[in-house]
Every structure is written in structure tokens, then in C-alpha cells.
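The values are calculated or read from the model by the stated rules, or taken from the named source; none is laboratory data. In this text the structure is predicted, and so the values were computed from the model without any measurement. Virtual Cβ from ideal backbone geometry, glycine too; neighbours counted across all protein chains shown.
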Amino acid sequence: MIHFLIKKFVKDYSDTTNAKVRVQYGMLASIVAIFLNIICASFKLVLGFIAHSSSVIADGLNNFSDVGSNIASLLGFALAQKHPDMEHPYGHGRYEYLMGLVIGCLIFIVGILSGYEAIMHIIKPVELKVNVVIIIALIFTIGIKGWMFYFNNAIGDTIDSKTLKAAAIDSKNDVLSNIASIIGLLGGAFTSWPVDGAVGLVVSIIVIKGGVETISTMIDSILGCTPDPELVDEIKQYVLSQPDILGIHDMMFHDYGPGSRFCVLHAEVDNDMTLIDAHHLIDGIERNILKKYNIMTTIHYDPIETHDQTTQLLKDKMEKIVHDINKNYSIHDFHLVKGEQPQLICDILIPNDDKVDEEIIRQKIEEKMKVDNPEIICILQFDHSFI
């Protein structure tokens, strides 16, 4: 069914890096979800009022909030495809994240409201009216929500959409809350204990938890977070596999929303390579990354001395000193400027969670480098990873 819908409504569905195709996927998922959530919400609210069940009513309200979330998602995909303009040169892709934030807030609010209602039912229990038709109808909605989980998750993975992945998690939570609602109905029908209210409270907690997780994910995306490690590794391996690339460092990603991602990195090449050859090499790598990953890439090339024995000996010494201080430290951009007072220029990469005093590290390195080479001036730059 999922593949049928995609083939029927998404033109050029295999070209998932294309922004227009991505929007078609997102709008299809949102429209299908709106339709199914209206069905589920209507069923549950009617059944909940018939049965006087707070857990079923809470679940129905949650599904109606899902309709609002789906509409926000639909708007997000529609707005995200707007072309860049003078005020927004990087496009409007983050609208999707903003709409995802709205979704998380709606889920959270509904969880709070339904939780209050459940607590009232615990304090003042009401008689439940349960029959086979109600139970069968609720089981039917479990099937719908289960399918929606797989549907949203499949499309979310296909187009790498955090909004749709959040919707998939919400659908999974709905399955759990539906099961809890049935338990609450059955338990409340056969005991005087306020089982339905207690289960309704559990459902509300599940809903609140889903809202908080969605809000957290979207805030991270808006603020800027660590890129996907698999994507980083793929691009690294691709660049390093190119002839004449000796190493890479200072890699950064900028995410302005789906279809508007940028990568910056430094690539090391032999300093014997001519400028024109280096330009052709780097230019080709940038074009291929754009074609394969739809990521605009800017590569700064660093010429590296590979034949001078003095440079190599000093580099080996520097690496040993740095590793002795901390095995997680590394060096790059190592250059030796020869003269009466030779300058040793080097960047030192320190893990982000390492809160060291850089001045102390600098002094240790300079002292040890000057033991055999007192005339050397060390120019050290400390870097932190952005990936």
C-alpha cells in the first residue's frame, strides 16, 4: 500500500535528493495522516462519550491534536519549498523544523489537558458502559495507527525528515495509548477501582513524553546539532578516496533545513601540485558531493610538505608530544617556515568535552619542542571539532 501511494502521487519518486520530490513525499504523508487521524479521533470521541471513558476521550483528543500537527506539517513542507529571497538567502527549509516545534507543543498541551481530566476521573469515578462493538472499534484504530507508524517512518527515512519521524513516534505512542485505553475500559467495567482514570493518566504521560521529545528534537535542529555520523563518514571516505588527497580536517556542516545544507572542509594535497591541478581536483570533488548528497560544499586546500626530512622529523616529534599530553588530541596544518628563526605553525584538535586550559597545553608543547630546537618559534592554534 505504501509503495502504491508513493508511485501514484509522487512524481519522480526515486529522486529523493530533489527538493520538489521531497515536498511531494511530505505533503502525501501529511494528507494521508490528516484523513486517518480524523477517522480515529471521531471514532474515539464518540465511543469515549458513550462509554464514559476518560482514557478513550483522552486518546481521541490526542488524535485531534495529531490532525492539527499534520496540518502544521503540511504547511511546513509547503513553506519550505519557497525559493530563497533577499531576506532569506539560504531558503526557507527551517519552516519544517518550526512546524515540528508547533507539533510538539500541541502534543504536550493535549497531554496536560487529558491528564487533568484523568485525575478528575480518579477522584470522582464514573460508571463505564462497555460493549463488544466499542472494543472492536478501538482495536480497529490500533491497526490504523500501527500502519501510520510504518507509513510515516518509511517516508521519514526515505526523505530524511525529522518532522515525519516525529510523527511516526507519535503514532507508535498512539498504539500504546490505544492498548492502554482498552485495558482501562475492561478493568473499569469489572472493578470499582478507578482503573480507567489511572490508565487515562498513563496515556496522558505517554503523550506528554512524546511532546517533550518532539520539542527537544526540533529545538536541536533549529539551534544546530551534530550531523549524522554516517553522512559525515561517507563524505570523509569519498574525499579521502580521491587521488592526491592526503588528508582532511576542519570539517563543518551548516543545516538551514532540508535541501539547504552546506559543508566546509580542508583537504591536504602535496605542495608540489600546481595551483591549476589542485583547483581542478577540488572543484570536481565539490561538484560530485553536490550531485550525490545535495550538499553545497566548499573545500579549502592545504599544501603539505611531504619530501623535507626536517619537516617530517619535527612533525613526528610534535605528534608524540601532543599524544603524550592526551591520546585524544591530534594535529593538522603542520608547516615549517625556515629561516634564522624558523616558525613551526600547527593546529591542535581538542575534543569538545575537554575543558582544558589551552595556555597550559601551549606552554608544555613549546617547552618540549625547544629542548632540541631552541631557536624554533611555535605558532599553535587550538581547534574544536564541529562534527
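State whether the residues of segment 80-88 include one that is surrounded by 18 or more Cβ atoms within 10 Å (Cβ to Cβ) and in contact with a Pro (Cβ under 9 Å, 6 or more places away or on another chain). So far as segment 80-88 goes, yes, one or more of its residues are surrounded by 18 or more Cβ atoms within 10 Å (Cβ to Cβ) and in contact with a Pro (Cβ under 9 Å, 6 or more places away or on another chain). Summed over segment 200-255, residues that are assigned to a helix (DSSP H, G or I) and in contact with a Pro (Cβ under 7 Å, 6 or more places away or on another chain) total 0. Of all the listed residues (L47, L5), the sole one being of a type in the set (A, V, I, L, M, F, W, C) and modelled with pLDDT of 85 or more is L5.
Yes/no matrix, rows are residues, columns are (1) of a type in the set (A, V, I, L, M); (2) in contact with a Lys or Arg (Cβ under 8 Å, 6 or more places away or on another chain); (3) assigned by TED's automatic domain parsing to the domain that holds Q381:
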residue	(1), (2), (3)
L314	yes, no, yes
I321	yes, yes, yes
S330	no, no, yes
G339	no, no, yes
L344	yes, no, yes
L349	yes, no, yes
E358	no, no, yes
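Restricting T306, T298, T311 to residues that are more than 32 Å from the chain's Cα centre (by Cα) and surrounded by fewer than 16 Cβ atoms within 10 Å (Cβ to Cβ) narrows the list to T306.
Each row is one residue, and each column tells you yes or no for (1) at pLDDT 80 or above; (2) within 21 Å of K209 (Cβ to Cβ); (3) not β-branched (V, I, T).
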{"residue": "S73", "(1), (2), (3)": "no, yes, yes"}
{"residue": "Q81", "(1), (2), (3)": "no, no, yes"}
{"residue": "Y90", "(1), (2), (3)": "yes, no, yes"}
{"residue": "Y97", "(1), (2), (3)": "yes, yes, yes"}
{"residue": "L101", "(1), (2), (3)": "yes, yes, yes"}
{"residue": "I136", "(1), (2), (3)": "yes, no, no"}
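Tell me, yes or no, whether segment 47-62 has at least one residue that is part of a loop (DSSP other than H, G, I, E, B) and surrounded by fewer than 24 Cβ atoms within 10 Å (Cβ to Cβ). Yes, there is a match, as at least one residue in segment 47-62 is part of a loop (DSSP other than H, G, I, E, B) and surrounded by fewer than 24 Cβ atoms within 10 Å (Cβ to Cβ). Contact map, segment 358-369: residues that are farther than 15 Å from K320 by Cα paired with residues that are surrounded by 15 or more Cβ atoms within 10 Å (Cβ to Cβ), Cβ distance under 9 Å, separation 6+ or inter-chain. Pairs shown: E358/I348; E358/I350; E358/L380.
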